[in-house]
Structures are given as structure tokens and as C-alpha cells.
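Engineer: Below is a structure I'd like to ask you about.
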Amino acid sequence: MREYLWFWAAKGLVEIGIALGILMLIGLVVLAVSIPMLIRQSRCSHSKVTETRSCDAICVDCGKNLGFIGTWRKAVATNQRGGDE
Ligand SMILES: [Zn+2]
């Protein structure tokens, strides 16, 4: 009887281990996909953007959401003015 219980306890532990392993694999895949994207987004100058229906500025090159289009335009105008002086 005791061996029977141990079998189920061990089975439960193995299943928890497998579940954790799968979660870790998913996490690694997400990291592997998102890290190159983050590097690309950090190197991108976001010079071209497209406006979404919700008035967000999305970078054409890297796909990063740069926030409200009006704020982005104001920031670009400020940068251009600063560069000319
Ligand atoms: Zn970009």
C-alpha cells in the first residue's frame, strides 16, 4: 500500500517537473523571439511611422509602438528644430 502511494507521489512530482519544463521552454522561446526584436527596436531611429486607428504611431521599420501620434510629431518637430540650430 505504501509503495502504491509513493508511486502516485512520484508521478505527481514528475508531472509538475514536466509542466515546469514546458513553461521554461515557452519562456525561452519568447525570450529568443523578443530579444532580437528589442535590440532591433533600440537600434532603430524610427524615422518612418504609420498611424493606427487608435492614433498610435507605429514604426514602419521595427514595428514599435511609439505612443500617441501627436506626441510623436511634436517630438520630431522639436528634434528637427534643435538639429537646425
Ligand atoms: Zn523603429
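The values are calculated or read from the model by the stated rules, or taken from the named source; none is laboratory data. Only a predicted model underlies this, so the values are computations on that prediction, with no experimental measurement involved. Positions of Cβ are generated from backbone atoms using ideal geometry, with glycine treated the same way; all protein chains shown enter the neighbour counts.
Engineer: Among the candidates S34, S45, which residue alone is outside any helix (DSSP H, G or I) and within 16 Å of the ligand (Cβ to nearest atom)?
Structural biologist: S45
Engineer: Being under 16 Å from the mean Cα position of the chain (by Cα) and modelled with pLDDT of 95 or more is true for just one of L38, L28, L23. Which residue is that? Break it down into steps so the answer makes sense when it comes.
Structural biologist: Details: L38 fails: modelled with pLDDT of 95 or more; L23 fails: under 16 Å from the mean Cα position of the chain (by Cα).
Testing whether each residue is under 16 Å from the mean Cα position of the chain (by Cα) and modelled with pLDDT of 95 or more leaves just L28.
Engineer: Same structure again: Please verify whether G67 is small (G, A, S) and away from the ligand (no atom under 16 Å from the Cβ), treating the condition exactly as stated. It would help to see each step written out before you state the result.
Structural biologist: Values: small (G, A, S): yes; away from the ligand (no atom under 16 Å from the Cβ): no.
Considered against the rule, which asks whether it is small (G, A, S) and away from the ligand (no atom under 16 Å from the Cβ), G67 comes out as no.
Engineer: Further question on the same structure: Within segment 61-72, identify whether any single residue is of a type in the set (G, A, S), free of Cβ contacts under 8 Å to residues at least 40 places away in the same chain and outside any helix (DSSP H, G or I), and answer yes or no. Break it down stepwise before answering.
Structural biologist: Of the residues in segment 61-72, the ones of a type in the set (G, A, S) are 63, 67, 70.
Okay, now just the ones that are also free of Cβ contacts under 8 Å to residues at least 40 places away in the same chain, so 63, 67, 70.
Add one more test, that the residue is outside any helix (DSSP H, G or I), and what stays is 63, 67.
Yes, there is a match, as at least one residue in segment 61-72 is of a type in the set (G, A, S), free of Cβ contacts under 8 Å to residues at least 40 places away in the same chain and outside any helix (DSSP H, G or I).
Engineer: Considering each of R2, R53 in turn, give the residue that is outside the structural domain of R73 (by TED's automatic domain parsing) and loosely packed, with under 10 Cβ neighbours inside 10 Å. Steps first, answer last, please.
Structural biologist: Details: R53 fails: outside the structural domain of R73 (by TED's automatic domain parsing).
Within the list R2, R53, the selection yields R2.
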